[in-house]
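The values are calculated or read from the model by the stated rules, or taken from the named source; none is laboratory data. Worth saying up front: this structure is predicted, and the values here are computed from it rather than measured. So basically every Cβ, Gly included, is an ideal-geometry build from the backbone, and we count neighbours across all protein chains shown.
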């Protein structure tokens, strides 16, 4: 009788152990799912799903890090602020779906105009920011010129057999050792509006002779 009781106790212990092991496996699986979900939520919080680009939050974080590197290590870096012209006309005439397609095309053109290491981000509805590390003022303006020329060569966005102009204006701000992300972004934005008023990017650091 005692032998049977001991055997029953062993079986009960094994069953509890197996149950605990199964519960541990289940909890580990749930933990992995939660971790994967957190990673996906973090990605969505920093990513523009329409254009497959970093969003404003991600851009500002990257800009902050780039400013910090320039302050600590020196070197050269710049920000290009890009504004899309003609998007409102597309949205008004054909709806926001067409506007989205136009933005997707602009994002493609921007990425094709810069180096692989350069960061292209969407920072608002029709505005983009591009971070150039190891780029001085001249090379940054050359990149801005290449961007505007690439979009000018593309010239227009066509839908339903109608083509509307789709161009960009680009302004450059070189990152200085005493800068803050806010100052850099403001200067690039101001340069973009100055260039938009001029109507072209001059290679002499954006200045018209």
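Details
- In the set 102, 135, 144, only one residue is over 17 Å from residue 85 (Cβ atoms) and assigned by TED's automatic domain parsing to the domain that holds residue 173; that residue is 135.
- Note on region 93-117: among residues that are free of Cβ contacts under 8 Å to residues at least 24 places away in the same chain and farther than 16 Å from residue 151 by Cβ, the one that is farthest from the chain's Cα centre (by Cα) is 95.
- Evaluation of residue 121 against (1) in a loop (DSSP other than H, G, I, E, B); (2) modelled with pLDDT of 95 or more (one fails), failing number: (1)
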